[in-house]
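Report on the following structure.
Every number here is computed from the coordinates shown, using simple stated rules; none is lab data. Worth saying up front: this structure is predicted, and the values here are computed from it rather than measured. Glycine also receives a Cβ, built like all others from the backbone with ideal geometry; neighbour counts cover every protein chain displayed.
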Amino acid sequence: MTSSPTSVATRAAVPSLLILAYMSAVGPFGDTEYTPSLPRIARELHVTYGTAQLTMSSYLLGYALSQLLYGPFSDRFGRKPIMLFGAVMFLIGSIICAMSPTIRMLIGGRFVQSIGACAGGVIVNAAVRDAFAPAERARMLMKVDVVFALAPGLGPVAGAFIDNYFGWQANFMLLALMGAILLLATALFFPETNHNKNMSAITPSRIAGNYLIVIENGRFLYHGTLLGIAVAVMYCCLVEAPSLVMDTLGLPSSWFAVVAATLVVSFMVGTLACGLLERRLRVESRILIGYLIMMAGTIWMVVVAFGGFVTFWHMMVPIMVVFTGIAFVLPLAAAQAMAPFRDVAGSASAMLGFLEMGIPSLGTFGVSVLNESPAKDMAVSFLVLCGVALILIAFGSLLEARGVTLESAPEE
């Protein structure tokens, strides 16, 4: 049986897992890769440590806000041109950061860098929605999210080594190189997946209308919030881990390699377990299992942190349990949030990315306010976030009991 031209074109437009994973990873890696350099940046640029941390604040601000524009523009012009623009901005921002003689220029460079960094997440979600059948989306996102979750964990490992031997500017030179590779890979290997471009997608009234369509969808808000909370737990861990390892436990920065390895193992275990349950349990049940696993690890961590049993492995084992649960939630919640949208997939992806970065920004701010000890701060933040998620899931269960369906139906 011969394939029709349409089916051949459709297959040709399917992006590879490798390019999707790399596009998804560059932004989160750039988010945390330079963090071991913050003390050196503060010293060499003659500012306080708090001022140096504004480089992270500007990055998160640009990352969250830019996504709201990438979605509509990718609906209008296609996924590939917008991804190319993002890669160029990331490259330019990284070069500005590497050459910054003042903290103001570095803060501005980080903002420019973040404008490019956030493109990957928006375009990947939209491209998966464009190119894959409903049954395949969660599996593809599950694979991509392994890299997405590992990237911010591996970032400080690489950053600590580079800062120690080459200085803080070298960290941004590495990010510039990654941006150049992203630009080349997108130009050569990323196919256009949006074959139904919306010519009026970027008019102000249409942008507002599209986002209104998205946020009025209760399933989107429900799953998007659950996704954002899971990512917030992950980022709260990554923010506190450097201080836990180096300040509380007095270990060298090389131990970040051990931290990264444990996160790799736990996330892979969670991904495998979630996949094995695919045919046995519905999506909402697996999301609940993910959060119950996260809460179990959190309670374990609370006992360790407040019971005075803090050692490296006493903390890392419950963190591994938590990350196993995160691996359940990320791909399933993302796929369910995106499922209801066809014509405004780019806008939905952008709003999902806004939640995915906005909620973690609130979570990490809350951790900084606690300011007790890294172990206690991590345990309390995990407990609050997982508790909120489980309350939300309980509320969702009540709605389902009254006939409201939260699980998005597969599309043809």
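Data overview
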quantity	calculated
Helices (runs of 4 or more DSSP H) wholly inside region 189-302 that include at least 2 residues being free of Cβ contacts under 8 Å to residues at least 60 places away in the same chain	204-215, 256-276
Tabulated pairs, region 366-379, first assigned to a helix (DSSP H, G or I), second among the acidic types (Asp, Glu), C-beta under 6 angstrom, 6+ apart or interchain	367/377; 370/377; 374/240; 377/240; 378/240
Filter result (farther than 19 Å from residue 150 by Cβ and buried (at least 17 other Cβ atoms within 10 Å of the Cβ)) within region 229-247	229, 246
Matching residues in region 311-353 - criterion: being among the aromatic types (Phe, Trp, Tyr) and either on the phi > 0 side of the Ramachandran plot or surrounded by fewer than 23 Cβ atoms within 10 Å (Cβ to Cβ) (or both)	312, 313
Selected residue (criterion: farthest from the chain's Cα centre (by Cα)) from residues of region 189-214 that are loosely packed, with under 14 Cβ neighbours inside 10 Å and of a type in the set (A, V, I, L, M, F, W, C)	199
